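Visitor: Dropping the structure in here first, questions after.
Readers should treat all values here as calculations from the given coordinates under stated rules, not as data from a laboratory. The structure presented is a predicted model; accordingly, all values stated were derived computationally and were not measured. Note: ideal-geometry Cβ built from the backbone for every residue, glycine included; neighbour counts use all protein chains shown.
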Amino acid sequence: MPPEWSSSSPDLLLAVDRTSGHPLRAQLEHALRDAIRNGRLQVGERLPSSRELARALGLSRGLVQECYAQLLAEGYLVTRPGSATRVAGGAAATSVTVRPGTIAPRLLADFRWGVPDLRSFPVQDWVRAMREVASHIPTEEFDYGDPRGTRALREVLAGYLRRVRAAVADPEHVVVCGGYAQGLGLALRALADLGVRTVAFEDPGSPATVTAAATAAGVQAVPVPVDELGIDVRALAATDARAVVVTPAHQWPTGVALAPARRRALIDWARDRDAFIIEDDYDAEFRYDREPVGLLQGLEPHRVIGLGTVSKSLAPTLRIGWMICPPDLTEPLAELKHRSDRGAPGLDQHALARLIESGRFDRHLRRMRSTYAARRAVLLTALSEHAPELPVTGLAAGFHAVAHLPADTGEHHVIAAARAREVGLYGMSACRASHAGAPAQLVLGFGNVTERAITTGIAAIGDLLTGRLKSTRT
């Protein structure tokens, strides 16, 4: 859809060369034709008035009007009485198209992991926070500011993380970043500067994300297995890693919490190895039938870099995250952040700070806990009805579950067959460093799928989940 400009005439960058010897009108016609043909001006897009274009180019208005008239006659432009001159339909030889696959097909249910309920984003609360901030923010806050982030957000985050996550958080040692991926990248670069050459990560986990960040930092990434107690610290100690990326509160994607003995062993490993722990606290706000688990960072603030974001609690599009930094790493991380992008968007930081300190963030979280708990219950009910023998784990917190398929079932086959029935499923193989499809498991995200869609989707694929493929779709 072409942009709709205000009542003022839109700007248009064109150039004429008075020293070329070519007539100015011919140059202007050629420039406009090229702009239409190559897609700079799209079908339906409004052109400047002849008066404004003449003024901008230092030409006579009559010359511009003659140019427009010629392109009207050639079918490049169209106009109606009382309306602006616009690019005619079918005039462009090339057009901007959407690449195949960028628009997902409509599904009965899409159990995509890692996405919160986007419909529940607190739009009115966010607008209100923005309005309050814009009305009272000091003028100096519109400058580049501290690369660690706005003082207001760092203070609010430090208080929130101390209160809710048992963190040892000082605003001086909090650095605001553009989400988890940037925080991880900055952390690994800072550790590489300290001589760290190998970083370990949980397997299954997020191999693609960690490996990409490690490669960019010039660090080798190695997988370490996870079992029902969390990361295997003995296996970690057998590597030459001096850093490890972990999700101890709710392991991604298995859903287990790091056992107390393993937590102590992991901290002992970091102290003995002169190593660092990068703690991804990605969805700890949402728990259902277990006691809360505090941050590892609260137990060893000098060796743990705590990463958190609002991608799961609010929405990924905000691109706001934070790092709770060991004191000795705060300045290097802030400098790396400054060199990367001069800092995160300030107004959004102020709005988030206002949302948290006003209590509206906590209210949103309480509402979403209820929403996800209801969807979790609906998912379990649907599975008990249509796939009663299917083991399901990882449901104590967050908004995804792990379904363990029968041993003789192919993960990729189930995913493809479900897609043919308009249900989106996603396999554990994508979370394994080896990408192995066995044991066959599905990661069922229910954050951004309605209760009705959960019921409909599971009913459509129940036979696939249990290995009893029906001859016809029910």
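Visitor: Ratio of alpha-carbon Rg to the 2.2 N^0.38 Å globular estimate for segment 122-358, to two decimals, please. Could you put the intermediate results ahead of the total?
Guide: On the way: Rg = 17.5 Å, N = 237, 2.2 N^0.38 = 17.6 Å.
That works out to 0.99 for segment 122-358.
Visitor: How many angstrom lie between the C-alpha centres of segment 416-434 and segment 301-365?
Guide: Distance between centres, Cα-based: 32 Å.
Visitor: Turning to a different aspect of this structure: By how many degrees, between 0 and 90 and to the nearest 10, does the Cα long axis of helix 180-193 differ from the longest principal axis of the chain?
Guide: On a 0 to 90 degree scale, this one is about 70.
Visitor: With +1 on the Cβ of every Lys and Arg and -1 on the Cβ of every Asp and Glu, and nothing else charged, how large is the dipole of the chain about its Cα centre, in debye rounded to the nearest 20?
Guide: 1220 debye
Visitor: If you don't mind, another one. Which of S9, G306, P439 sits farthest toward the positive end of the charge dipole of the chain, with +1 on the Cβ of Lys and Arg and -1 on the Cβ of Asp and Glu?
Guide: Among S9, G306, P439, the one farthest towards the positive end of the dipole of the chain is S9.
Visitor: Could you order the peptides 248-259, 136-147, 77-88 from most to least packed, using the average number of other C-beta atoms within 10 Å per residue?
Guide: Values: 248-259: 22.1, 136-147: 11.7, 77-88: 14.2.
Averaged packing, sorted descending, gives the order 248-259, 77-88, 136-147.
Visitor: Of the DSSP beta bridges with both residues in segment 122-358, give the percent that are antiparallel, rounding to the nearest 5.
Guide: On the way: 10 of 27 bridges.
So the antiparallel bridges in segment 122-358 amount to around 35 percent.
Visitor: While we're on this one: Which of V245, A167, A403 sits farthest toward the positive end of the charge dipole of the chain, with +1 on the Cβ of Lys and Arg and -1 on the Cβ of Asp and Glu?
Guide: A403
Visitor: Within a 10 angstrom radius of the beta carbon, how do I36, I305 rank from fewest other beta carbons to most?
Guide: Working: I36 23, I305 27.
Lowest to highest Cβ neighbour count: I36, I305.
Visitor: When N is the residue count of segment 339-470, what does its C-alpha Rg come to as a fraction of 2.2 N^0.38 Å? Please report the intermediate quantities before stating the final value.
Guide: Details: Rg = 18.7 Å, N = 132, 2.2 N^0.38 = 14.1 Å.
That works out to 1.33 for segment 339-470.
Visitor: How large is the direction-averaged shadow of the alpha-carbon convex hull of segment 273-385, in nm²?
Guide: 9.9 nm²
Visitor: Sort the following peptides by mean Cβ neighbour count (other Cβ atoms within 10 Å, averaged over residues), highest first: 54-60, 412-418, 332-338, 202-208.
Guide: Numbers: 54-60: 15.3, 412-418: 16.9, 332-338: 19.6, 202-208: 21.7.
Answer by packing, highest mean first, reads 202-208, 332-338, 412-418, 54-60.
Visitor: Rank by packing, highest mean first: peptides 116-122, 238-244, with packing defined as the count of other Cβ atoms within 10 Å averaged across residues. Intermediate results must be reported in sequence, preceding the final value.
Guide: Details: 116-122: 16.0, 238-244: 18.9.
Packing proxy ranking, top to bottom: 238-244, 116-122.
Visitor: Further question: Over the Cα atoms of the chain, how large are the radius of gyration and the largest Cα-Cα distance (Dmax), in Å?
Guide: My reading of the Cα-based Rg and Dmax gives 27.9, 84 Å.
Visitor: 7 Å from Cα along Cα→Cβ at both N38 and D328: what's the point-to-point distance in nm?
Guide: Modelled inter-label distance: 5.4 nm.
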